[in-house]
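Student: Here's a structure for you.
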Amino acid sequence: MGWGARWVFVSDQQPKPTDDGIQGLGSITHRYYEREKPKTGVVLLPGQKRHDTGEHPENRRRLPGVVDELRSMPEWDDLFVLAPREARREDILRAHSEGFYESIVDACSEAPTWLDTDTCVSAGSLGNCLLATGGVLSAVDAVAMEAYHRPDSLFTISRPPGHHTGKDKAMGFCLFNHVSIAAEYAKEIYGFDRVAILDWDVHHGNGTQEIHWEDPSVLFISLHQWPLYPGIGWVDEVGEGDGEGSTVNIPMPPGSGDPEYLQAIDEVAMPVIEAFDPQLLLVSAGQDGHAADPLSNQLISKSGFNAMASRVAAYARSKGIGLVVVHEGGYNVTTLPGIDRAILAGLGDFEAPLEDIYVPDPHQPPTEWPERLAEVIEAQKPHWDVPR
Ligand SMILES: [Zn+2]
């Protein structure tokens, strides 16, 4: 791919000075090499087998097929491939309580053990999870830095997911909440005061919502099947206090497919993100809304995931902000590699096989969808200038 590089002025991040008057890295006028093609890549997770959950849906067999698939792509050699660093204790404590962190350390020392009815740890889980979270922080560093080789976006190929974990409680296969920790890291280290998180995992990101519930500096938008685990995320959950309006819930009826998801993205999520004007965009990318996933009733295709990734990548690039796509759910090990490839292709604007035998043709929209979309928009009107 040709880079066709030239310096262009994109935006001024305008961070607050730190207490000692020294401006953070984010204060550097944000310029980057405009390229004909976006530069994307992956953060891999060495040693992911250390988090050994046995015959659990979230298991050690999820990622190897994904990595094999990505390595087989003709575009592999053009990717920005990054190794993660371990997250430090202070990184974790920006989003979680000290007691919670210690409880995970203790649980791993007594492993194997269960943290709740569906979340377990093995002896190597702590090391794996610190590396998984640290990989997201490495990705934030890479997309936020001023450098010729700065990638426009990065996709972390990691496990376990994180978006169900709140400040004090691990649940739903999740230990540390990667996107929340990354949002707080970006705020503190780069001086960003507006970070957006878009969550398209089929389950509601209740942990992320809880952590940023009263925080106007983090916009959280979730598209999730309703009803489904964990049972929250209705349209009227919009945040509280200073954070009122900075949580946006889009509960998708069972049977929703590409048209409904893309309509929700185009008519609600993107206009709100556009108005919020984030300095960094994080995506909680769960692929468990795919038509062949065993944990949901949604009908998203590879093409749909590709289109969602293209939407966020085009937006981030047009604003010159970094984009980090963080792997959350996705539990069919046969289909996950092709879906993740489709997402990466959307980020990098290259071709990928998008035919999908698992999606019914023609698609029947859920009957409650028009009314549901109207309810979502109605709930957002006091907070955002959404079209209609
Ligand atoms: Zn999920």
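Student: Per-residue ellipticity at 222 nm for the chain, helices alone: DSSP H runs ≥ 4 residues times -39500 (n - 2.57), over residue total, nearest 500 deg cm²/dmol?
Tutor: -9500 deg cm²/dmol
Student: Oh, and also: Hey, how much of the P(r) for segment 7-380 falls beyond 28 Å, as a percent of Cα pairs?
Tutor: 39 percent
Student: Once the cut-off is 22 Å, how many percent of the Cα-Cα pairs in segment 161-244 end up in the long-distance tail?
Tutor: Counting pairs separated by more than 22 Å, the tail of P(r) holds 19 percent.
Student: So, one more: When the accessible area of segment 7-380 is split by element with a 1.4 Å probe, what percent falls to carbon and sulfur?
Tutor: C and S atoms contribute 51 percent here.
Student: While we're looking at this one, here's another question. Please find, in a Gaussian network model of the chain (springs between Cα atoms separated by less than 10 Å), the residue of 175, 347, 130 whose mean-square fluctuation is greatest.
Tutor: 130
Student: Determine, for segment 7-380, the count of lysine pairs separated by eight or more sequence positions (or lying on different chains) whose alpha-carbon distance falls under 27 Å.
Tutor: For segment 7-380, the number of qualifying lysine pairs is 15.
Student: Given the C-alpha centroids of segment 101-120 and segment 320-388, what is the distance between them in whole angstrom?
Tutor: 33 Å
Student: Hey, with R₀ at 22 Å, roughly what FRET efficiency would residue 49 and residue 101 work out to, going by the Cβ-Cβ distance, to 0.05?
Tutor: 0.40
Student: Per residue, what accessible area does segment 7-380 have, given a 1.4 Å probe and all protein chains present, in Å²?
Tutor: Averaged over the residues of segment 7-380, the accessible area is 36 Å².
The values are calculated or read from the model by the stated rules, or taken from the named source; none is laboratory data. Since this is a predicted model, take the numbers as computed values, not measurements. Backbone-built Cβ (ideal geometry, glycine too); neighbour counts: all protein chains shown. Just the protein is used for accessible areas: all its heavy atoms, side chains included, with ligands, DNA and RNA removed. Shrake-Rupley method; radii C 1.70, N 1.55, O 1.52, S 1.80 Å.
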